[in-house]
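Read-outs: derived from the displayed coordinates by stated rules, not from any lab. Keep in mind the model is a prediction, meaning the values are calculated, not measured. Glycine also receives a Cβ, built like all others from the backbone with ideal geometry; neighbour counts cover every protein chain displayed.
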Amino acid sequence: MSPIVAHPTVEEQLLADAILRHRPLALAPALQAALRVAGEYVPEEEAVLLQAYADAIAIDMVPDGYRYVRRDGLPLLGLGPLELFTEPGNPQLLTRCAVWYGAEARAEWYRRGGT
């Protein structure tokens, strides 16, 4: 990801990683995959809590591809627009985008025409 604006919380960074690196998985499995990459493990008894958390996340998008991510009405982050590409000679898919966190994400959402 580049550039990154502001300093993300652990929650914000995990969400950005899940959304960017693990698409097109649903958010809960994407979060589990991002946690595994970070060296964390979600025990089975906490999977229900993770699913409830994922269900509380809303992701909206404006026509230019900017994604606004919020939870319980509070802004968490904004992503995009996304560029997906591969490096020459490397079949691995990479993602590049700008990331805004918190109130900056909401301000960018409105600047881009979000309601």
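The stretch 25-61 and the stretch 101-115 have their alpha-carbon centroids 24 Å apart.
If R0 equals 41 Å, the separation of the Cβ atoms of THR115 and GLU45 corresponds to a calculated FRET efficiency of about 0.55.
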